[in-house]
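Notes for the one structure printed next.
The values are calculated or read from the model by the stated rules, or taken from the named source; none is laboratory data. Everything numeric in this text was worked out from a predicted model, so none of it was measured. All Cβ positions, even for glycine, are placed from backbone atoms using ideal geometry, and neighbour counts span all protein chains on display.
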């Protein structure tokens, strides 16, 4: 079967996002002896004629659309991406109306029925696609198209993560690195934590499945040798859990004497001085902590299991190891007060991170603990949690919270408010910074 995979993501602020999931998926398709091509919208602001030409030239028998996000998750300047998805479907239907379209990716996994209906696609694969998509391809090849629109792996199987290899040859990998400063890499799937608002356990499951550290570093070494890529972004939801798995990866990097650097998403709950020292030795120079709050009220509201003291410890140990840090925060969850807001702000100043990324309001996703709680309380109806973004902000704070956080952003250049700030929306500035050879997360350069 001939499959065309379309990366529909066009968001490049602050950096273009290398589609690691789609790269693993394309590799699995090719390993199963299917023909796979990729059309990537990331570097194509105007793509209609190019996509039409690609469709005519390749004549795919199945078109797969990867949907990364339904919106930018930023309040109050929320931007929906669904119209862009509809435009891709329109073009595909116009050129090759008989070719079935299958949807996948994180956005589809969160809103499968709604996106199938809105986009008029033929099939959808929620969650991992490496098995279910191959099942669909085989069924179509055998002349037995599924009667069900939502395709799950036969027998409920899960992907063996040690079989994952990226098909970076199908993408503009060198440009992703040049324009984005790093290449994405995944070391595990699943999350055992139960943060009230988070969709990761819904997307990847609550059991953590790990890749062999040797396989992880094999992938890094391959990208270093083939593409000259020497900066990596571990995109696991929590890289430092399990702690020993992350340490094993670092030891493998050190064993091979790889001259690389890397960054990751981390939790301040699984930290110690030795861990950060090993991270530093293995090339870590920046970490993004999903702290969410620096008050116990905020942490409890979002079901975070660590304490403010742990956040301060993590920050101190990073400083001691010269690792730059960003703290991502969410203001306004249920139970938040101006006192807890001020407590968080005071603790931020005490920690003095390189960057603070402050989100206002909690984006409500279906089937999360927070969504269930709000439905039970009558704050929202279950059917109203959908493609149109809804944010929870504690009512008592609405009048003052926006101005208070904008005041902090005016006083401190390292405070970024995605729902308001222009600091992360300067493409020409970012291009100049990258042109100078700056690598790693963009927040390092604007701190």
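In summary, residue 78 fulfils each of the numbered conditions (1) in a loop (DSSP other than H, G, I, E, B); (2) within 26 Å of the chain's Cα centre (by Cα); (3) loosely packed, with under 15 Cβ neighbours inside 10 Å with the single exception of condition (3).
Flag: residue 219 matches the condition of being free of Cβ contacts under 8 Å to residues at least 60 places away in the same chain, part of a helix (DSSP H, G or I), in the same structural domain as residue 416 (by TED's automatic domain parsing) and within 26 Å of residue 180 (Cβ to Cβ). Only residues that are in contact (Cβ under 8 Å) with a residue 24 or more places away in the chain, outside any helix (DSSP H, G or I) and more than 20 Å from residue 210 (Cα to Cα) were counted across region 248-267, and they come to 4. Yes or no: residue 103 at negative phi, crowded, with 17+ Cβ neighbours inside 10 Å, in contact (Cβ under 8 Å) with a residue 12 or more places away in the chain and part of a helix (DSSP H, G or I)? So residue 103 does not fit the description; no.
The residue list 403, 399 contains one member that is more than 15 Å from residue 328 (Cα to Cα) and modelled with pLDDT of 90 or more, which is 403. Looking only at region 25-63, residues that are part of a helix (DSSP H, G or I) and within 21 Å of the chain's Cα centre (by Cα) come to 4 in all. Could you please let me know if residue 166 is surrounded by 17 or more Cβ atoms within 10 Å (Cβ to Cβ), without any contact (Cβ under 8 Å) to a residue 12 or more places away in the chain and either not assigned by TED's automatic domain parsing to the domain that holds residue 27 or not in a loop (DSSP other than H, G, I, E, B) (or both)? No. Among residues belonging to region 107-159 that are modelled with pLDDT under 95 and assigned to a helix (DSSP H, G or I), point out the one that is surrounded by the most Cβ atoms within 10 Å (Cβ to Cβ). Once the filter is applied, the top-ranked residue is 154. Selection of region 141-157 for residues being touching a residue at least 40 places away in the same chain (Cβ under 8 Å), under 17 Å from residue 32 (Cβ atoms) and out of contact with any strand residue (DSSP E or B) (no Cβ under 6 Å at 6 or more places or on another chain) yields only 141.
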